[in-house]
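The structure under discussion appears below in the form of structure tokens.
The values are calculated or read from the model by the stated rules, or taken from the named source; none is laboratory data. Bear in mind the structure is a predicted one, so any value in this text is a computation, not a measurement. Here the Cβ is made from the backbone with ideal geometry for all residues, glycine too, and neighbour counts use every protein chain on show.
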Amino acid sequence: MTLPSWVVFFDEEFQEDTKRFYKWFEENDVVFVISDLLDIELINAPEKVRNSLGKYDNSKFERIKLSQESIVLANEYIKHKVVGISSLEDCRHIAMSTVHKVDYVVSWNFKHIVNIDRIIGYNSVNLMLGYEPVEIYTPFQLLNHENQ
């Protein structure tokens, strides 16, 4: 199973589920997918966030790059008004996950990612362009899904 590494941030409201998610990550055969977009995002992130992934062995990560195919797909999400242009980076994360066939996108971003209308929009564009749907969950939802 693969997961994108941009999935979790340290918000007090979500701290318990975030800790459960990291514990699940540590105890299972799960790989975080890391992108060059994550590297850029982490530059300005709080130190706690920047250091959160450093304690894990490199074998827990897979690195992907933003490709022209992902850029085109992300632009299609914008063109079809899944989200506005200000959410282009979120679209690129979803597009990279789609193109690289990441098993799950996991996020606490309810406005632009983990939002039923957005999920339907991303997947409508994916299907229209011949891609598979992408599964998008919060860490809480994924842990409950995995426990079923």
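Among (1) surrounded by 12 or more Cβ atoms within 10 Å (Cβ to Cβ); (2) out of contact with any strand residue (DSSP E or B) (no Cβ under 9 Å at 6 or more places or on another chain); (3) within 24 Å of Trp24 (Cβ to Cβ), where does Glu135 come up short?
In the conditions (1) surrounded by 12 or more Cβ atoms within 10 Å (Cβ to Cβ); (2) out of contact with any strand residue (DSSP E or B) (no Cβ under 9 Å at 6 or more places or on another chain); (3) within 24 Å of Trp24 (Cβ to Cβ), Glu135 misses (2) alone.
Go through (1) modelled with pLDDT of 95 or more; (2) touching a strand residue (DSSP E or B) at 6+ places or on another chain (Cβ under 9 Å); (3) among the acidic types (Asp, Glu) and name the single condition Glu62 misses.
Of (1) modelled with pLDDT of 95 or more; (2) touching a strand residue (DSSP E or B) at 6+ places or on another chain (Cβ under 9 Å); (3) among the acidic types (Asp, Glu), only one is false for Glu62: (1).
Taking segment 119-147 as the region of interest, how many residues are under 20 Å from Ser87 (Cβ atoms) and part of a loop (DSSP other than H, G, I, E, B)?
6
Please find, within segment 1-18, the residue that is modelled with the highest pLDDT out of those that are surrounded by 20 or more Cβ atoms within 10 Å (Cβ to Cβ) and not in a loop (DSSP other than H, G, I, E, B).
The selected residue is Thr18.
Conditions first: (1) closer than 27 Å to Asn144 by Cα; (2) within 14 Å of the chain's Cα centre (by Cα). Trp24 passes all but one, so which condition is the exception?
Of (1) closer than 27 Å to Asn144 by Cα; (2) within 14 Å of the chain's Cα centre (by Cα), only one is false for Trp24: (2).
Can you pull out the residues in segment 105-118 that are part of a loop (DSSP other than H, G, I, E, B), within 10 Å of the chain's Cα centre (by Cα) and under 23 Å from Lys81 (Cβ atoms)?
Within segment 105-118, the first condition is being part of a loop (DSSP other than H, G, I, E, B), and the residues that meet it are 107-115.
If we keep only those that are within 10 Å of the chain's Cα centre (by Cα) too, we end up with 107-109, 113-114.
Those that are part of a loop (DSSP other than H, G, I, E, B), within 10 Å of the chain's Cα centre (by Cα) and under 23 Å from Lys81 (Cβ atoms): Ser107, Asn109, Ile113, Val114.
Please note which helices (runs of 4 or more DSSP H) are completely contained in segment 19-96 and include at least 2 residues that are in contact with a helix residue (DSSP H, G or I) (Cβ under 7 Å, 6 or more places away or on another chain) and under 18 Å from Glu135 (Cβ atoms). Walk me through it before giving the result.
On the way: elements: 36-43, 47-52, 68-79.
The helices (runs of 4 or more DSSP H) meeting that bar are 68-79.
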